[in-house]
Amino acid sequence: MSKVVICGAGFLGTNIARAITSAPTGSPPRRIQISSRHPEKAHSILAATAQKELLLPPISLDVTKPESLLPAFKDTSVIVSLVGLLAGTPEQFNKIQWKGAENVAKAANEVGAKLIHISAIGADVKSTIPYMRTKGLAEQSIASICHDSIIIRPSLVFGPDDDFFNRFSRLARYLPVLPVFSGGLSRFQPVYVGDIAKAVELLSRGDENTKHMFTCKVVEAGGPEVFTFKEMMKLVLKYNKRTRPIISLPLSVGLLQAALMEKLPPNMFTVTKDQLQQLSMDNIVSDSMPLNHITLQQLFKDASLGPLTSVHDILPSYL
Ligand SMILES: NC(=O)c1ccc[n+]([C@@H]2O[C@H](COP(=O)([O-])OP(=O)(O)OC[C@H]3O[C@@H](n4cnc5c(N)ncnc54)[C@H](OP(=O)(O)O)[C@@H]3O)[C@@H](O)[C@H]2O)c1
């Protein structure tokens, strides 16, 4: 039975592992190995429901330490590369999101495994925001190292345990108002974690048809609806059943607050200056995509995976 290593045992990694261990009838059974620096928690969550023979023991690795990767990737047919950071110094972003992803790609190449890499919409080597720049640099490195890789670029990912909607839902509990910056007009295309997991399950099957259709593609993964930031705050209030005024503040006020919060230990109010800049930019599938890019919607259509999931179907279940 082939082996898939999930490299990054967080929100997406756990959901992708679950989708592969409970793949639909007719798809090939695969053994899953979950890995990160501390993968035990994700493994024990998965062990509660996964078939025993499909879940291998968790394995510790650090993408910044190439020597820790080869033993973990031995005899692997697919590696799903998910390691990322939400906040950090530019050096940490370089080390983990760029060079770390590059180390994973080199090791995948060395063991002959197919690489599915999770990037992000907005990945851009020219960006001044370290998160976006290092996502772009990693994509560039991967394209030159693994010639048959698949890159998935999600917009904001939602689902139970997500960071974004849960955090704003908690904030709405404690704050008398919900702030948005510069009118909250930036646009997002939230995509369901279960739909990303479904796509990765399909892409990790390794059959000729799937390979033929999707190898070397960059999948721009937006959900079925586009919302402004302010509209997403309204969704939070609608589904957690709270009434709060949404007030717009100048971005400069947010940046000042972020500069102060960055100096304190991280807490639920912490938003970094870079994260604020990111949230004030559009994060949607682009209208004019290069030839090798496809949308998640197209992938779902081509592979007969059904419709993409709406926020309205899922947010009420966990906010
Ligand atoms: N969530 C979203 O809305 C979203 C949107 C677009 C793109 N993405 C991208 O999708 C990927 C997964 O996101 P996520 O939300 O699942 O993130 P997450 O929950 O924070 O998971 C990231 C994982 O990376 C592991 N990790 C961090 N540094 C590591 C290192 N040096 N070596 C090995 N493992 C390391 C962490 O586990 P340990 O601490 O145990 O090492 C953690 O399990 C990221 O690349 C992210 O940028 C996410």
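Structure data summary
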item: The stretch 159-208 - residue that is over 30 Å from VAL78 (Cα atoms) and of a type in the set (Val, Ile, Thr) and, of those, surrounded by the most Cβ atoms within 10 Å (Cβ to Cβ); result: VAL180
item: Residue check for PHE300: surrounded by 13 or more Cβ atoms within 10 Å (Cβ to Cβ) and touching a Phe, Trp or Tyr at 6+ places or on another chain (Cβ under 7 Å); result: no
item: Residue within the stretch 203-212 that is assigned to a helix (DSSP H, G or I) and either among the small types (Gly, Ala, Ser) or within 17 Å of the chain's Cα centre (by Cα) (or both) present; result: yes
item: Failed condition for GLY100, given (1) more than 10 Å from the ligand (Cβ to nearest atom); (2) in a helix (DSSP H, G or I); (3) under 30 Å from ASP274 (Cβ atoms); (4) in contact (Cβ under 8 Å) with a residue 24 or more places away in the chain; result: (1)
item: Filter pass, SER27 being near the ligand (Cβ under 8 Å from one of its atoms), among the small types (Gly, Ala, Ser) and either surrounded by fewer than 18 Cβ atoms within 10 Å (Cβ to Cβ) or part of a strand (DSSP E or B) (or both); result: no
item: Failed item in (1) under 20 Å from ILE196 (Cα atoms); (2) crowded, with 22+ Cβ neighbours inside 10 Å, with GLY100 passing the rest; result: (1)
item: Which numbered condition LEU85 fails, given (1) more than 23 Å from GLU201 (Cβ to Cβ); (2) more than 8 Å from the ligand (Cβ to nearest atom); (3) not in a helix (DSSP H, G or I); result: (2)
item: Subset of the stretch 135-162 [within 20 Å of GLY88 (Cα to Cα) and either at pLDDT below 95 or among the basic types (Lys, Arg) (or both)]; result: LYS135
item: Test: THR76 is farther than 30 Å from MET261 by Cα and more than 11 Å from the ligand (Cβ to nearest atom); result: yes
item: Residue match in the stretch 183-196 (condition: near the ligand (Cβ under 9 Å from one of its atoms), touching a helix residue (DSSP H, G or I) at 6+ places or on another chain (Cβ under 6 Å) and over 23 Å from SER2 (Cβ atoms)); result: yes
item: ALA107 being surrounded by 24 or more Cβ atoms within 10 Å (Cβ to Cβ), over 16 Å from the mean Cα position of the chain (by Cα) and not charged (D, E, K, R); result: yes
item: Close pairs from the stretch 294-315: first hydroxyl-bearing (Ser, Thr, Tyr), partner surrounded by fewer than 16 Cβ atoms within 10 Å (Cβ to Cβ) and modelled with pLDDT under 95, Cβ under 9 Å, at least 6 apart; result: THR295/MET289
item: Yes/no for ASP148 being among the charged types (D, E, K, R), more than 11 Å from the ligand (Cβ to nearest atom) and not in a helix (DSSP H, G or I); result: yes
item: Unique match (being assigned to a helix (DSSP H, G or I), in contact (Cβ under 8 Å) with a residue 24 or more places away in the chain and touching a Ser or Thr at 6+ places or on another chain (Cβ under 8 Å)) among ARG173, ARG153, ARG133; result: ARG133
item: When residues of the stretch 103-140 are limited to those that are polar (S, T, N, Q) and within 11 Å of the ligand (Cβ to nearest atom), the one farthest from LYS65 (Cα to Cα); result: SER119
item: Matching residues in the stretch 31-43 - criterion: being more than 14 Å from LEU82 (Cβ to Cβ) and either at pLDDT below 95 or within 13 Å of the ligand (Cβ to nearest atom) (or both); result: HIS38, GLU40, LYS41, HIS43
item: Failed criterion for PRO71 (all others in (1) surrounded by fewer than 21 Cβ atoms within 10 Å (Cβ to Cβ); (2) in a loop (DSSP other than H, G, I, E, B); (3) within 16 Å of the ligand (Cβ to nearest atom) hold); result: (2)
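The values are calculated or read from the model by the stated rules, or taken from the named source; none is laboratory data. Just so we're clear, the structure is a prediction, and the values are computed from it rather than from any experiment. Cβ atoms come from the backbone with ideal geometry, glycine included; neighbour counts cover every protein chain shown.
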